[in-house]
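Worksheet: one structure, shown below.
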Amino acid sequence: FGISVSILSLIVIIPLCSLIVFSSQLSISDFWEIVTRPRVIASYKVSLVTSFTASVINAVMGLIMAWVLVRYKFPGKRILDGMIELPFALPTAVAGISLAHLTVSEGPVGSLFAKFGIDIAYTNIGITVAMVFIGIPFVVRSIQPVLEQVENEYEEAAFIMGAGRFETFYRVVLPEIRPALIAGFTMAFARCLGEYGSVVFIAGNKPYETEIAPLMIMGELQEFDYPAATSVALTMLVMAFVILFINAVFQSRASAIISGIR
């Protein structure tokens with residue numbers, strides 16, 4: 001076990017340490033000048049806003065999907081449950097190309113919205129759609145095991161005491177699944193924040209408009225501006241660590257709830 005943990009730690013830590021060491025060669029003023037450039041700040045905003053929006057949508061949709069999969073029996077349930085894993089198995093480039101074809105103005109989905117003057121592809125809406133696709137499994141798989149441990153007797157008791165469906169969910173079910181819901185939200189947010197493969201085909205990569213931070217890093221690398229790419233990457237790394245720390249806190253609470261119910 002110790003050897004496995006050590007090997008895994010080296011695989012994760014060595015690339016991160018090299019990033020930090022390379023960034024340390026820059027002076028603080030140079031580093032600050034790079035990460036506060038207007039174009040870089042704009043890419044942070046696009047990444048954060050679209051990632052947060054997609055994660056909120058994922059939280060709502062993921063909760064509904066987990067509830068349906070746990071509480072109801074219907075034909076094709078196993079197939080639907082298996083399809084939740086599709087974004088994990090599907091190459092992100094394939095997902096990006098497929099979503100781009102669907103959402104362009106000539107595509108089957110994009111043409112419907114184009115009638116109302118709404119463009120999806122090559123806009124922040126398209127970026128959000130791609131992030132929703134790749135983030136939904138994190139929420140469903142975080143909530144599902146916790147929801148399976150919540151006994152129906154609690155809900156039935158609330159109904160007997162005169163509580164309605166919404167009040168029962170709000171007062172009985174939601175407190176039990178809230179840590180798992182927040183954990184799923186933070187994992188989806190972290191995943192969306194660093195997503196590149198599925199977004200690059202649908203984003204349009206317009207500076208100050210649809211350029212997310214990972215696209216900015218790739219652009220700097222293509223121009224051989226390694227200090228700029230490393231500085232932006234390090235800033236994203238700090239954001240990811242903060243998000244993952246929050247996720248770890250709520251994951252531990254969700255595990256405690258499962259253990260307590262059992």
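Residue 73: which aspartates and glutamates have alpha carbons under 15 Å from its alpha carbon, excluding same-chain residues fewer than 8 sequence positions away?
Answer for residue 73, where 15 Å is the Cα cut-off: 81, 148, listed by chain and number.
List 52, 189, 31 from most exposed to least, where exposure is judged by having the fewest other Cβ atoms within 10 Å.
Working: 52 16, 189 26, 31 19.
Fewest to most other Cβ atoms nearby, the residues stand as 52, 31, 189.
Run the numbers for residue 151 and residue 29: contour at 0.36 nm per residue of separation, minus the present Cα-Cα distance, in nm.
The span from residue 151 to residue 29 would gain 38.2 nm if fully extended.
Could you please rank 88, 116, 185, placing first whichever residue has the fewest other Cβ atoms within 10 Å of its Cβ? All intermediate terms of the calculation are to be shown ahead of the outcome.
Working: 88 10, 116 6, 185 27.
With the sparsest Cβ surroundings first, the list reads 116, 88, 185.
Put +1 on the Cβ of each Lys and Arg and -1 on the Cβ of each Asp and Glu in segment 50-158; which of 131, 90, 60 then has its Cα farthest toward the positive end of the dipole?
It is 90.
Compute a Gaussian network model of the chain, connecting alpha carbons closer than 10 Å, and tell me which residue from 110, 126, 162 fluctuates the most.
162
Sort 170, 122, 72, 154 so that the residue with the fewest other Cβ atoms within 10 Å of its own Cβ comes first and the one with the most comes last.
72, 170, 154, 122
Taking Cα centroids, how far is segment 1-74 from segment 182-218 in Å?
When both Cα centres are located, 10 Å separates them.
In deg cm²/dmol and to the nearest 500, what is the mean residue ellipticity at 222 nm of the chain if only DSSP H runs of at least 4 residues count, each as -39500 (n - 2.57), divided by the residue total?
-25000 deg cm²/dmol
What's the local net charge at residue 122, with K and R +1, D and E -1, over the other residues with C-beta under 12 Å away? Kindly include the intermediate steps, with their values, before the conclusion.
Details: positive: 206; negative: 119, 209, 211.
Net local charge, residue 122 excluded: -2.
Provide the per-residue ³J(HN,Hα) series for segment 30-36, in order, calculated from phi with Karplus coefficients 6.51, -1.76, 1.60 and θ = phi - 60°, each as a whole number of Hz, with x at glycine and proline positions.
Here the 3J(HN,Hα) series is 5, 4, 5, 5, 6, 6, 10 Hz.
Using a cut-off of under 16 Å, list every residue of segment 26-49 whose amide N is near the label point 7 Å from the Cα of residue 208 along the Cα-to-beta-carbon line.
37-46
If you stretched the chain out fully between residue 72 and residue 161, how much longer would it get, using 0.36 nm times the residue separation minus the C-alpha to C-alpha distance? Working shown, then result.
On the way: separation 89, 0.36 × 89 = 32.04 nm, distance 2.34 nm.
Result for the pair: 29.7 nm of gain on full extension.
With axes computed from alpha carbons, what is the tilt in degrees of helix 213-222 against the longest principal axis of the chain, rounded to the nearest 10 within 0 to 90?
30 degrees
Would the chain count as rounded, prolate or oblate if I go by the C-alpha gyration tensor, calling it rounded below 1.5 in a/c and otherwise prolate when a/b exceeds b/c, oblate otherwise? Let's see the in-between values first.
Values: a/c = 2.22, a/b = 1.42, b/c = 1.57.
Judged from the Cα gyration tensor, the chain comes out oblate (a/c at least 1.5, b/c at or above a/b).
Whole-Hz ³J(HN,Hα) for each residue in segment 160-167, computed from phi via Karplus 6.51 cos²θ - 1.76 cosθ + 1.60 with θ = phi - 60°, x for glycine and proline: what do you get?
4, 7, x, 6, x, 4, 5, 5
Quick note: the coordinates plus some simple rules give every number you see, no bench work behind them. This is a predicted model, so every value here is computed, not measured. FYI the Cβ positions are ideal-geometry reconstructions off the backbone, even for glycines, and counts take in every protein chain you see.
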